[in-house]
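The values are calculated or read from the model by the stated rules, or taken from the named source; none is laboratory data. Since this is a predicted model, take the numbers as computed values, not measurements. FYI the Cβ positions are ideal-geometry reconstructions off the backbone, even for glycines, and counts take in every protein chain you see. Side chains included, ligands, DNA and RNA excluded: accessible areas come from the protein's heavy atoms. Shrake-Rupley method; radii C 1.70, N 1.55, O 1.52, S 1.80 Å.
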Amino acid sequence: MGFRGKSVVVTGATRIGRAAAEAFAREHASIVLVGRNEDVLNEVSGVVRAVGGEAAACATDLTSPASADAVVSAAVAAYGH
């Protein structure tokens, strides 16, 4: 399975989603990391890049539709789709 050229949104990237983000990164995915803690998102972004993925961080709490819209906007801004 390869994810080169594919974009993936990983929620909970500062906690349980971190392992998923790292797995997608090893398959060379472009990942939008979503979580509430910006410092941890930046740390996870570094790990993603170190193992072969691309990373864009979106610090937000997905409890509102506006937050979900922000994640989609971040994905489009970072990766064009």
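Helices meeting the span-like rule in the chain (full DSSP H runs, Cα extent of at least 15 Å along the helix axis, mean Kyte-Doolittle score of -1.0 or higher): 38-50, 65-79.
Over all other residues within a Cβ to Cβ distance under 15 Å of residue 71, the charged ones net out to -2, with Lys and Arg as +1 and Asp and Glu as -1. Note on the chain: dipole from Cβ charges, positive end direction compared against 60, 25, 80; the farthest Cα belongs to 25. Surface exposure of the chain, expressed per residue as accessible area with a 1.4 Å probe, stands at 57 Å². Taking only protein heavy atoms and a 1.4 Å probe, the accessible area of segment 7-81 is 53% carbon and sulfur.
So what is the relative contact order for the chain, in percent, with contacts set as C-alpha pairs under 8 Å and at least six apart? Once normalised by length, the contact order is 28 percent. What do you get for GluC sites (Glu not before Pro) in segment 4-81 restricted to DSSP loop and a cutoff of at most 16 other Cβ within 10 Å of the site's Cβ? Of the GluC sites (Glu not before Pro), the ones in loops of segment 4-81 whose Cβ has at most 16 other Cβ atoms within 10 Å are 27.
Only helices enter this figure: runs of n ≥ 4 DSSP H residues, each worth -39500 (n - 2.57), summed and divided by the residues of the chain, yield -15000 deg cm²/dmol at 222 nm to the nearest 500.
Among rounded, prolate and oblate, which fits the chain when a ≥ b ≥ c are the square roots of the eigenvalues of its C-alpha gyration tensor, a/c under 1.5 means rounded, and a/b larger than b/c means prolate?
oblate
Here the chain is assigned +1 on the Cβ of each Lys and Arg and -1 on the Cβ of each Asp and Glu. Its dipole about the Cα centre then comes out at about 240 debye.
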